[in-house]
1. Return the long-range amide H neighbours of E171 (sequence gap of 5 or more, or a different chain), with a cut-off of under 5 Å between placed amide H atoms.
2. Along the stretch 74-91, what does the Karplus equation 6.51 cos²θ - 1.76 cosθ + 1.60 (θ = phi - 60°) give for ³J(HN,Hα), rounded to whole Hz, x for Gly and Pro?
3. Using amide H atoms built 1.01 Å from N in the peptide plane, name the residues 5+ places from T66, or on other chains, whose amide H lies under 5 Å from its own.
4. Rg and Dmax of the stretch 108-172 over Cα atoms: what are they, in angstrom?
5. In terms of modelled amide H atoms, which long-range or inter-chain residues lie less than 5 Å from the amide H of V61?
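Computed from the coordinates by the stated procedures, all read-outs in this text should not be read as laboratory data. Note that the structure is predicted; figures quoted are calculated from it, not measured.
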Amino acid sequence: MTSIRRPALTLAALLVVWGTGIAPAQASDDTWITTKIRIALMTTDGAGRNAVKVDTEHGKVTMHGTVDSQAVKDKAEATVRAVGGVTDVHNLLQVVKHSSQESVKAVDKDVKDAVEKALKADVSLEGIKVKSVENGLVFLDGNTTNLASELRAIETAYGIAGVRQVDSGIETKEK
């Protein structure tokens, strides 16, 4: 009887170890997918930028939040579907017409100075620079070691008044 129990216990132990190894790897993959999605949304004009929130579980993405139009909702979904690793998209975005707000107008030089100052304030973004600003479109350039830093740089730029859109030419070692 012990000869039957031993292989069964060994098999059970292997399944526990194997199962434990899968969960952290999947969580890491989901975090990577979510980060890539956030970068894609924030650098794609008309895709909702910060209005679209995403949750990823086993490659299945749920989008939620509010957007101004059906076109933005559709573009956000198409942008998310194009990200590698996404297996399904559940689009819960709601179309809500916001009252028209005057866009903040700023001189491009002032915007560039403000973005550069904000990037310099975060030492982890030291390899990232503002390549140009034109009519509120900020183009970031440089190098970083991970996607989280690229995302933080993009979010930092969007936090500056007068920034309409951010495009990223940032190269990351993490793909």
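1. Amide H neighbours of E171, under 5 Å, 5+ apart: G142, N143, T144.
2. Once θ is set to phi - 60°, the couplings for the stretch 74-91 become 5, 5, 4, 5, 4, 5, 5, 4, 7, 7, x, x, 6, 9, 7, 10, 10, 8 Hz.
3. Q94
4. When restricted to the Cα atoms of the stretch 108-172, Rg and Dmax are 10.3, 29 Å.
5. Those lying under 5 Å, H to H, from V61 are T87, D88, V89, H90.
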